[in-house]
Every structure is written in C-alpha cells, then in structure tokens.
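Okay, structure first, notes after.
The values are calculated or read from the model by the stated rules, or taken from the named source; none is laboratory data. As the structure is a prediction and not an experimental result, all values here were calculated from the model. Here the Cβ positions follow ideal geometry from the backbone for every residue, glycine too, while neighbour counts run over all protein chains shown.
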C-alpha cells in the first residue's frame, strides 16, 4: 500500500516536465452533407449528415512519451472516435475506442499493451490511396474501417527499410460496434482459451519513393460472435498484399485482400483495389480509386468507383467533394457509403453517392 501511495504522490507533486515527458493533444473533425440514391427495395433517395467518416474519421486523443535514458522511452496513446452528426462516441460507445495503449520503445522497436491496430491497418495505410474514405474499402469489408483489437499485445520495429510487426489478442472485441465483423467477441475465457483470439503479422519494405507490404490477420470466433463466427473452431482470415509508388506530384497504390471466412456460406473472396492521387497545385488534390470484390464460386460481385477533389485552405483546414458508384451483382447489397447504417440498395442493385464536407485538424 505504501508503494502505491508513493506513486500517487509523485504524480501529484512533480510536473510532467520533471520527468522529461512530452504529451500532445490532437484531433480531427470531418463532416458534411451526403446524398445516396436507390436505397432499399423502394429505391428512395437519402440526404443526411453522416455519422461516419468523410475523408478522415473524426477523433480526438492524447499521445505522449517519456525519455527513460539509454534510448528507452515509455509511450502511450488514448484516442477517442466520435460521430460529428450527434457527438456520440464511436466504436461501440467506447471512451477510447480507436486506441488505448501503453508500452516501451527503443532502437529494437516498440512493445505495447491495450486496444490497438491490427497489422492489416499498417499494410493498407499507403497502398490504399483513399483509405478511410466514406466511399472506400470499408463499404466492401467493414473490418477495414475498424481494424482494431482489444486485449492485445503488439510489436512493431523498423530496421533500415524493413518494418516487421505483429499483434496477439486474448479477446478481440468486448463491445458491439455496428457493422464490425469482429463485434461481440470478448474472449479471455478459461473454459475455451481459443475463443475470440486474434493475431496478425506484418512485413513492410520501403524506400524513398516506393514500398511493398504483406500482412496476415486471423480472428477466431466465440459464443455469440457476429457474422457466423459462433465457435472458436471457426476463423476469419485475411492475407493483404500491396504496394505504392511516388512519382513527382502523384502517388499510385494497388493491392489485394484474400479472405477466407469460415463463418460464411461463401467463405473465399478477393478484394482488389487500385488508385492514384495527384497534387494539381499545392492546395488542390484529385484522388480516385477502383475496388472489385469477388466471391469465389458465386455470382456475388461488386465494383466500387470513387473520385474525390480536395482544396486545402491551410495545413489544418480543407474542403472536399466526393462521388462514388457501386454495382452489385448476385445477392450482394453493399452500400456505396459507410456514412451510417441503413443505406443499402436491394440485392444486386447499383447505387450513387456524393458528399461535400469540411475537415479541420487540430
């Protein structure tokens, strides 16, 4: 008890600067107005202020480091996602649903504990040109818009141009987040130690103007888990491969995510994507991407086309206009938009969406 009293007294008496500590408060708010056509079997149109991402998911957070000497540092990140339309917390209502981790870093890399990204996030960070766009990869695979795991241990280190990393989670998702393929699987069950486990691995090689990457992500099921993963013997696996190149004012990216979801009636699928971004001027950027989702041995396919133009008033404030179009076939009814639930077309239907908005970084 006396040791704990000493810790609390030290935290209260000594300022952060006495420990050579650096703490940063940061955030993004991104919102606008969206139009989506051909919703449901009635084929109605929808106008809304979406609760989810426009170009970048809205968030606020704190991150910090303390120099412990000899190249060793302690690190932490607390990051909260929120819906700007109503101010609600995201990621299933968590306070720090995007990240909540603490760890140590040094020349050998970083080890951290808590809620954090799967390695598939780092694989697609540069290869997926549009990333977490409202008409992006999350419309075809919801996990890609929320690739995070609870109760996780992670390692990530960079040595020259090579980055290696991995995560291991004892229970990947303790809160039900709408649309998440990892929802409702808390794990850490002594009677079934495999239930709700997750692990991922990353290999990334980068030079000044290009990079290639590969990541593997495995999520196991458990009692009550969503999307058919009702038992720990069932797993949802993704292999992500990609690359990017910087050519003057342009950036090109391409990749594929090969999926085998044991909880699905059509377990094997391939999500292909290729895109580009071009800085027309230092203030104006035009970006576009094409996605193709193919369920093997099935008539279920989807093409998604996205184009975005952005104007930067400053380093912090920009406005944008985005358009997207999706063509479903077979029984697929993927919405063009990840803006909010409830905008899917009828099975096999096509859909158009457009959004204008503003983003501010602080």
(request) Out of 289, 334, 351, report the one residue that is surrounded by 16 or more Cβ atoms within 10 Å (Cβ to Cβ), closer than 22 Å to residue 226 by Cβ and modelled with pLDDT of 95 or more. (result) 334
(request) Would you list the strands (runs of 3 or more DSSP E) that sit entirely within the stretch 13-95 and hold 3 or more residues that are surrounded by 12 or more Cβ atoms within 10 Å (Cβ to Cβ)? (result) 21-39, 59-69, 72-83
(message) Any residue that is under 10 Å from the mean Cα position of the chain (by Cα) and without any contact (Cβ under 8 Å) to a residue 12 or more places away in the chain - is there at least one of those in the stretch 133-155?
(response) no
(request) Could you list, in sequence order, all residues of the stretch 182-205 that are in contact with a helix residue (DSSP H, G or I) (Cβ under 8 Å, 6 or more places away or on another chain) and in contact (Cβ under 8 Å) with a residue 60 or more places away in the chain? (result) 200, 201, 202, 204
(message) Just to verify a result, which residue in the stretch 292-317, among those that are in contact (Cβ under 8 Å) with a residue 40 or more places away in the chain and surrounded by 15 or more Cβ atoms within 10 Å (Cβ to Cβ), is farthest from residue 125 (Cα to Cα)?
(response) 302
(message) Residue under question is residue 105, and the condition is that it be touching a strand residue (DSSP E or B) at 6+ places or on another chain (Cβ under 6 Å), surrounded by fewer than 22 Cβ atoms within 10 Å (Cβ to Cβ) and either under 18 Å from residue 172 (Cβ atoms) or modelled with pLDDT of 95 or more (or both); does it hold?
(response) yes
(request) Return a yes/no flag: does the stretch 217-228 have any residue that is over 20 Å from residue 303 (Cα atoms), touching a strand residue (DSSP E or B) at 6+ places or on another chain (Cβ under 6 Å), touching a residue at least 12 places away in the same chain (Cβ under 8 Å) and assigned to a loop (DSSP other than H, G, I, E, B). (result) yes
